[in-house]
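The block underneath contains the structure these notes are about, expressed in C-alpha cells.
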There are 2 protein chains.
Amino acid sequence: MTKPQANAVHAPRPWEAPLTSIDKGAPALAAPVPLSEIAAQKWNVLAEDLPLPAAVIRQDALLHNSQWMRNFLDDSRAFIAPHGKTTMAPALFDLQIADGAWGITVATPHQFQVAAAFGYKRIFMANQVIGRRAMADIVETLNAHPDIEFFCLVDDLSNAEALAQAVRSGNAKRPLNVLVELGYAGGRTGCRTVERALALARKVHAMRDALDLAGIEGFEGLIKNDGSPEALAQVGQLLDGMVTLAETADNEGLFSADEVLLSAGGSAYYDVVARKLGAAKLARAKRVLIRSGCYITHDSVLYARAQEALRVREPALANAGGGLQAALEIWAYVQSRPEPGKAIIGFGKRDISYDDLPLALKWFRPGMAAPSTVPTGHTVLRLNDQHCHLEIPENSPLVVGDMIGFGISHPCLTFDKWRVMHLVDENYQVTASFRTYF
Amino acid sequence: MTKPQANAVHAPRPWEAPLTSIDKGAPALAAPVPLSEIAAQKWNVLAEDLPLPAAVIRQDALLHNSQWMRNFLDDSRAFIAPHGKTTMAPALFDLQIADGAWGITVATPHQFQVAAAFGYKRIFMANQVIGRRAMADIVETLNAHPDIEFFCLVDDLSNAEALAQAVRSGNAKRPLNVLVELGYAGGRTGCRTVERALALARKVHAMRDALDLAGIEGFEGLIKNDGSPEALAQVGQLLDGMVTLAETADNEGLFSADEVLLSAGGSAYYDVVARKLGAAKLARAKRVLIRSGCYITHDSVLYARAQEALRVREPALANAGGGLQAALEIWAYVQSRPEPGKAIIGFGKRDISYDDLPLALKWFRPGMAAPSTVPTGHTVLRLNDQHCHLEIPENSPLVVGDMIGFGISHPCLTFDKWRVMHLVDENYQVTASFRTYF
C-alpha cells in the first residue's frame, strides 16, 4: 500500500474555539490553547498529563484505515462520500478529502450547515429535507455559496413538491439535486417498490425547473451485518432493484445531469455495493458512491464482526495491509475496587457507545514502561452514566488509579460523546486535538 | 405553593459562545446571536422557525418542578446540591441556586472545572478524585479560587493518601474536604461495611494536615426505583449504616468541621434519605444533603415510574401542586411514511435517551391551531442513530412533514445529546436558549 500522508490530518480552522479547562478531555489550562498549538504541549496520556476519561485515536491506525479505503476504491472504481455523521469532525473530514473522498455525506440539515461552514464543496444529505425552515435555510445557503454542490433524497411526492416550492420561493439560482430513494419492506425510508420509485422519478423530472434528478439511492446499512447468505440476498435484492430503477429512468431520460449517481450507504457491504452498482448499464456516465463512515476509525466489536464477514467474502480485500484497525480507544482510571470480583472504572454512557459493551484492552499503571494486554476475565458487565462495572478475577492486579484502555463498539455513538478528541502517536503522546460538531 | 420566580431562569455569561448556524437546534443565522438576545428573535417551534429535531423545555413545568423541590426541602429540612451531571447547564444551575440549592454536585474533574468556571462557590464531587493531573488541577483551581468550597469522596486508603500528597505538594492553602463513602454488596463504589468505612475515616483523620473529614456519603440511586418493599429495605439498610457510621465517627471526634455533611444521592428516594439521615444523632451540627438531578425536568418514563412509587409512599408530598411534571420534549418531523403501519421520524439515538424508548405525546401539522394528543397505537419500535421507527395504525393521520413531540425517559442521557436547548412558553415560543457543557 502507498504510504499514508500523515500531514493530511488535522487542519483546524482559525475560528475554531481553542481548548480550555471546560472541555472534557482537556487539563486545567491557565489560558486557552489554540487547536493548532496542541502538539507543542507535548501531553502524554500515559504520563497522566490529561485527566481521564479521554478519547484517543491512534494516528497510525487512522492513517492506515484511510489508506486501506483508498486502495479499495482504486480497485473497485467506486467513490466515497464518507458519512460525516459518524465523526462530525472536520479534522477527519479533511483527511478523508485529502485521501480522495468525492464529498461528505450528512444526515440532517444541521450537519449540512456544519459541512458548509467548514468549507466542504460537495455535500450529500442522505435523507429527505423536511420542514419549512430547513428547506429555506438550505436554499439560502446554496444561494450564498454557489460553489457548493448539494444532493438530497426524496421518497415522497408531497415532500418533493414542497422542496420544489422552496426552491422557487427562495429564488434559488439553480435546481436542487435529488436522488430517488429505493427501500425494502421492513426497512427504513425509501419507496418500497421499483414501480413507486419510478413513478416518483417521473414526477421529479416533471419538476425540473426546480429539481434535478441526479441519481438513485438506497441504504443497506440496517440489514444484518454478519454476511450471512440471507443478509447478502437481501442486500443483493435492494441493489438489483436500484440497478433496474436506474436503467429504466436512464432509458426514459429522467436524469438531468451528464453523470448519474448510484449510491448506497452502510459500513458493512460496500464491496457488494461497488460490484453490483458498478454493473449497471446506463447510456449516461455513472458514478458509484459508497458512504461508509465507520471505516476511518473502525472498532473492536460491531464493525470488527462485519470485517470478519468481509474476510470470508473477500479475503484479499479484507486482509490487504492487515485489514482495518481499531483506532479509537477510551482511557479511564480504576475508580474503586469495592469487592474482590469487581472494579468500578471512571467512564460510562456519557463517554462511549453501549449497544454492545466495550472491551477492556490495555492495562497501564503510571510509572510502568508501556501498557500491557488486560489479563483474561476482565469483562464489562454494565455501564451507568459515569461509571463502568467491570467483572474481574479475584487475583486481578487492578488497583485504584490504574489506567485501562477500552476498545469501543460503534464509532458513531462514541464520537458523539466527545466535543474534543486527541490524536496520539504509538507512545500515546498527543499529536493533535480536534473538535466534533454534533 | 409559592409562585415560581420566572426571572431566575437563564443568566448567560457574557463569554458564552453565541448561537450560530452550526449549533444543532439553531436555524441558519446571518450572524451569531448572543444567548441574551434569543427571546428577541421570537422563534416559535410550531411556526417552523427552527429546524428539527430540537430539544425544548416547557418553562412553566420547569419552574413548577423547581418550586416543588423547594417546598419538599422546606418541609423536610434537608438541603440539595442538585446533580449537575444531569443537565450540565449553568442556565438551569442558576435557577436551582436561586431556588435555594446549597451547592452543585458534579461527577468528574471535568464537571468540577465547568462548575468552577461558571462561578459556583460550593461544589460537591460525588466521586473519588483519581489521577495525578485531576488532583493537581483541583488543588490549583482551589488555590486560585479561595472562595470555592469543594467536597469529594474517598473509599480507598491509597487514594486518600495520594490526595493528601497532592494537597501537600500543590502547596494547598487549606485541607481538602472529603466524605467517606459507604456502599453495599453488589453496589457501585463505597466501602462495603461500616467497619471498613470507619477504619478509613480514622486514617483520614490522621491525615488532617491535608484532608478534612467533612461527612459521610452513600448512593442509593442504583437500587431499583420501583419503591418495592425489597428496594425500600435495601435503601433503608444503606442509610442506617450511614447513620451508625456518622454517629460513631462523631463520637470519636473524627470530623473536622463544626458541621457534618450527611449526603445520599439519587432521584427516586430523597424522601427516605431526608427522613432517615435527618434522624442521625450527632454532637455536632449536621446538614442532610440530597443530590437529585432529574427532578428539575422530570421525565415521561423512568422517573415518572419513580414518582408513581413516591405517590404510594408519600401521597401528600408527591401530589403537592400536582406533582412533578415532564418538562423536556424532543420535537421532530415525520421523515417518511414508507409502509401503511410505519412512520420514520427524524430523530434518533443522537438526540434522546434510549435505555427506555421515548413516547410519542403530541402531534402537530403546520398550520393547525395547536398540538393535539397523539392518537393511541403510535409506538416507538426502535431508534437508529438519526431515525426513529414508529409503529402506527393503518388509519394514522401522520404525513411527511407533520411534527411530533416526544416525551423522554432519563433526562441525563437526553441532555448530553444537545449543546443548545430551548426554553419555550405554553405556545412553544422560544423564551431563551442555553448551552450545555458536557
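The values are calculated or read from the model by the stated rules, or taken from the named source; none is laboratory data. In this text the structure is predicted, and so the values were computed from the model without any measurement. Here Cβ is always computed from backbone atoms with ideal geometry, including for glycine, and neighbour counts include all displayed protein chains. Heavy atoms of the whole protein, side chains included, go into the accessibility calculation; ligands, DNA and RNA do not. Shrake-Rupley method; radii C 1.70, N 1.55, O 1.52, S 1.80 Å.
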Q: Scan the stretch A:118-148 for residues that are acidic (Asp, Glu) and farther than 26 Å from B:Ile344 by Cβ and report the count.
A: 2
Q. Which of the residues belonging to the stretch A:395-414 are free of Cβ contacts under 8 Å to residues at least 40 places away in the same chain and closer than 26 Å to B:Ala134 by Cβ?
A. A:Pro397
Q | Residue match in the stretch B:314-328 (condition: open to solvent by 10 Å² or more (accessible area, probe 1.4 Å) and at positive phi) | A | yes
**Q.** Pairs with Cβ under 9 Å, 6+ apart, first in the stretch A:22-34 and more than 7 Å from every other protein chain (Cβ to nearest Cβ), second of a type in the set (Phe, Trp, Tyr)
**A.** A:Asp23/B:Tyr437; A:Gly25/A:Trp418
Q. Out of the stretch B:291-335, which residues are assigned to a helix (DSSP H, G or I), touching a Cys at 6+ places or on another chain (Cβ under 9 Å) and under 14 Å from B:Cys412 (Cα atoms)?
A. B:Cys294, B:Leu302, B:Tyr303
Q) Within the stretch A:395-420, which residues are open to solvent by 10 Å² or more (accessible area, probe 1.4 Å) and within 13 Å of chain B (Cβ to nearest Cβ)? A) A:Val399, A:Val400, A:Gly401, A:His410, A:Asp416, A:Lys417, A:Arg419
Q: Specify which of the listed residues (A:Pro338, A:Pro366) is open to solvent by 30 Å² or more (accessible area, probe 1.4 Å) and either part of a strand (DSSP E or B) or at the interface with another protein chain (Cβ under 8 Å from one of its Cβ atoms) (or both).
A: A:Pro366
Q) Taking the stretch B:268-285 on its own, how many of its residues are touching a helix residue (DSSP H, G or I) at 6+ places or on another chain (Cβ under 6 Å), small (Gly, Ala, Ser) and open to solvent by 20 Å² or more (accessible area, probe 1.4 Å)? A) 1
Q | Answer from B:Val288, B:Val260, B:Val235 - the residue that is more than 14 Å from chain A (Cβ to nearest Cβ), touching a helix residue (DSSP H, G or I) at 6+ places or on another chain (Cβ under 8 Å), assigned to a helix (DSSP H, G or I) and not polar (S, T, N, Q) | A | B:Val235
Q: For the stretch B:421-431, enumerate the residues that are surrounded by 20 or more Cβ atoms within 10 Å (Cβ to Cβ) and either over 22 Å from A:Arg419 (Cβ atoms) or within 13 Å of another protein chain (Cβ to nearest Cβ) (or both).
A: B:Leu423, B:Val424, B:Tyr428, B:Val430
Q: May I ask you to list the residues in the stretch A:133-163 that are farther than 22 Å from A:Ala107 by Cβ and away from chain B (no Cβ under 14 Å)?
A: A:Pro146, A:Asp147
Q: For the stretch A:351-363, name all the residues that are in contact (Cβ under 8 Å) with a residue 60 or more places away in the chain and open to solvent by 10 Å² or more (accessible area, probe 1.4 Å).
A: A:Leu361
Q.
Out of B:Ser263, B:Ser256, I need the residue that is of a type outside the set (A, V, I, L, M, F, W, C) and open to solvent by 40 Å² or more (accessible area, probe 1.4 Å). Which one?
A. B:Ser256
**Q.** Positions within the stretch B:173-197 being open to solvent by 20 Å² or more (accessible area, probe 1.4 Å), modelled with pLDDT of 95 or more and more than 11 Å from every other protein chain (Cβ to nearest Cβ), in sequence order
**A.** B:Arg174, B:Pro175, B:Asn177, B:Val194, B:Glu195
Q | Selection within the stretch A:267-303 - without any contact (Cβ under 8 Å) to a residue 40 or more places away in the chain and either farther than 28 Å from A:Leu179 by Cα or out of contact with any strand residue (DSSP E or B) (no Cβ under 7 Å at 6 or more places or on another chain) (or both) | A | A:Ala279, A:Lys281, A:Ala283
Q. Could we say that A:Lys42 is under 16 Å from A:Arg435 (Cβ atoms) and either assigned by TED's automatic domain parsing to the domain that holds A:Tyr269 or basic (Lys, Arg) (or both) here?
A. no
(Q) Within the stretch B:43-124, considering only helices (runs of 4 or more DSSP H) that don't extend past its boundaries, which have at least 1 residues that are more than 10 Å from every other protein chain (Cβ to nearest Cβ)? (A) B:59-76, B:90-98
Q: Examine the stretch B:260-276 for a residue that is over 21 Å from the mean Cα position of the chain (by Cα) and within 15 Å of B:Glu220 (Cα to Cα), and state whether such a residue exists.
A: yes
Q. What number of residues in the stretch A:341-362 are within 10 Å of chain B (Cβ to nearest Cβ) and in contact with a Gly (Cβ under 9 Å, 6 or more places away or on another chain)?
A. 3
Q.
Condition first: more than 14 Å from chain B (Cβ to nearest Cβ) and closer than 14 Å to A:Ala360 by Cα. Now tell me which residues in the stretch A:300-335 satisfy that.
A. A:Ser300, A:Val301, A:Ala326, A:Leu328, A:Glu329
Q) Does any residue in the stretch A:35-54 that is touching a residue at least 24 places away in the same chain (Cβ under 8 Å) come within less than 6 Å, Cβ to Cβ, of a residue that is open to solvent by 30 Å² or more (accessible area, probe 1.4 Å) and hydroxyl-bearing (Ser, Thr, Tyr) six or more places away or on a different chain, and which pairs are these? A) A:Ala39/A:Thr431
**Q.** Subset of the stretch A:109-130 (residues that are surrounded by 24 or more Cβ atoms within 10 Å (Cβ to Cβ) and either at positive phi or touching a Pro at 6+ places or on another chain (Cβ under 7 Å) (or both))
**A.** A:Pro109, A:His110, A:Val129
Q) Out of (1) in the same structural domain as B:Arg365 (by TED's automatic domain parsing); (2) in contact with a helix residue (DSSP H, G or I) (Cβ under 7 Å, 6 or more places away or on another chain), what's the single condition that is false for B:Ala47? A) (2)
